1. Give the residue, chosen from Val246, Val251, that is closer than 30 Å to Leu160 by Cβ, modelled with pLDDT of 95 or more and either touching a Pro at 6+ places or on another chain (Cβ under 7 Å) or not hydrophobic (A, V, I, L, M, F, W, C) (or both).
2. Taking the condition closer than 25 Å to Ile127 by Cβ, exposed (fewer than 11 other Cβ atoms within 10 Å of the Cβ) and either touching a residue at least 24 places away in the same chain (Cβ under 8 Å) or under 21 Å from the mean Cα position of the chain (by Cα) (or both), does Gly240 pass?
3. Considering region 1-29 alone, what residues qualify as being touching a helix residue (DSSP H, G or I) at 6+ places or on another chain (Cβ under 8 Å) and of a type outside the set (A, V, I, L, M, F, W, C)?
4. Between a residue in region 88-110 that is farther than 12 Å from Cys67 by Cα and any residue that is of a type in the set (D, E, K, R), which pairs come within a Cβ distance under 6 Å, given they are 6 or more apart or on different chains?
5. Which condition breaks for Ala281 when tested against (1) modelled with pLDDT of 80 or more; (2) in contact with a His (Cβ under 8 Å, 6 or more places away or on another chain); (3) assigned by TED's automatic domain parsing to the domain that holds Gly155?
6. Based on this model, can you work out whether Ile135 counts as touching a Pro at 6+ places or on another chain (Cβ under 8 Å), part of a helix (DSSP H, G or I), more than 17 Å from Val247 (Cα to Cα) and not aromatic (Phe, Trp, Tyr)?
7. Name the helices (runs of 4 or more DSSP H) wholly within region 1-120 that hold at least 2 residues that are hydroxyl-bearing (Ser, Thr, Tyr) and in the same structural domain as Leu284 (by TED's automatic domain parsing)?
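The values are calculated or read from the model by the stated rules, or taken from the named source; none is laboratory data. Because the structure is predicted, anything quoted here is derived from the model rather than measured. Virtual Cβ from ideal backbone geometry, glycine too; neighbours counted across all protein chains shown.
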Amino acid sequence: MVYCDLAWQSFLGRQLLAGRSLYSDIAVGEMHPPLYTWLAAGFAAAGRALGVSTSRLFLVWTAVATCAAVVVAWRLFGGGLLVAVAFAFAGVAAHGYYFAGGEQLAVAFALPYVAMTARLANDENDIGRKQRLAISALAAFGLAMKPQFVLLWLGAELYLASQRGWSTLFRAECLLMPVIWAAYFILTYRLTPHYFDALIWAVPLYQEFGRAPLDRIVTSWRTALAGSALLMFLLRKPEGARHHLVVLLLVGTAAMWVATVSQLKGWPTHWLPVEALSGAALILCLPRRYEAFGAPFIALFALIWMNLGLAAQNAATSRDPSNFPATVEIVHRWAPNGPVLALSGELAIGFPLINVTGAEWTSPFACFWMLPGLHPFYRANPSGFHYHSPTDWSPAERLVYDNLWRGITERPPRIIFLERDRPNGFSYRAFFEADPRIRHLLTSFVVVDRVGSFHVLIPARQQPS
């Protein structure tokens, strides 16, 4: 089973092919830039022609593309087995359950650029101009997955300039990357102008979504992993081009650490680049004797790392409040074709449910992640909860309610998954019933089942006698 983010993006890709507009008809308030979704739309088109699911095609392409990037980086750097294992770990093995995510594409497609920059820092200038431009274009594509990833390019170029002079900042391949990003920005503005409208109201709300204490994020074990890689580098002091390669991996680790901490979430997906790059640096700091005898063991370590990640995430999935298999069965029983509406802050209740069942999706939102920002007492309110009436709605609240109602009128739900009250007493039902239109809808539905932390509602007229 694919993880919920990939399933959601695969769904969005099919919606784009169906003519729906990103950030207005669907994915309202989505914070991700459109590049990954455009990629998903391409795979949706190819999957339709080949009769293959979008998610499966995405996974296969990612496996081929990231392995190819690893091979290119390895051949470009000219290193031994440990270099191959380090690159394979960073680009492929470290990503486990979150395979095919934007973080993996960013790291894998940046590896040839990191290898090239290490050779340039070692004063090796035998890489052809066209090859350098192609490598930079590939890295620019990967790092464009999130704006924060540009920090890796900035750190790498500053390191190269410190080794070979500031004139290196004016290399064609260095200048090509910001040109590509500028073109992407313009294309985003032209094709999806609503993305920038969404940023105005969604960014303040996103800061409260899944927010973790800064001290908990900074003291994560990934910080210790990065620190261990730095300590190993200082102790081992690799020489030649490998010295520069390890430094650049550590620079990338630092850049991605800043990118992760700046998001104030501390989610496993956000940490993946830090794990991947620092793990690769650690491998490259092993003694040279491992070059011939230890590489298979390091490869085994990488495989164990990946499978432990898979096992951990599968265990987490089995504890997921949506109880996926039971949810699929409920949809097949009560509303085989949907439309399905989920009134919840959890993306996992809808995806990959919609991908697997083929049911329609009512809401223009992925989930209602914005509730912590919309309702100031979402997390705790000892004095009790007071839900805003329409006259007290903020502009952001009105936008959420109006867009939800638009989705309901366009695709009236035949089944609703309503998240039960939070432990602190916050009621999802009361929040949504603050809109009289949605309250009228919910009064026409009855609870017929429960699954995980959700009530299952169907129209009263469909209730069996």
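1. Val246
2. Yes.
3. Tyr3, Asp5, Gln9, Ser10, Gly13, Arg14, Ser21, Tyr23, Ser24, Asp25, Gly29
4. Ala94/Glu275
5. (2)
6. Yes: the conditions hold for Ile135.
7. 35-50, 54-77
Listed here are the residues, each with its yes/no results for (1) outside any helix (DSSP H, G or I); (2) more than 30 Å from Leu81 (Cβ to Cβ); (3) not β-branched (Val, Ile, Thr).
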| site | (1), (2), (3) |
| --- | --- |
| Ser228 | no, no, yes |
| Leu235 | no, no, yes |
| Leu249 | no, no, yes |
| Thr253 | no, no, no |
| His270 | no, yes, yes |
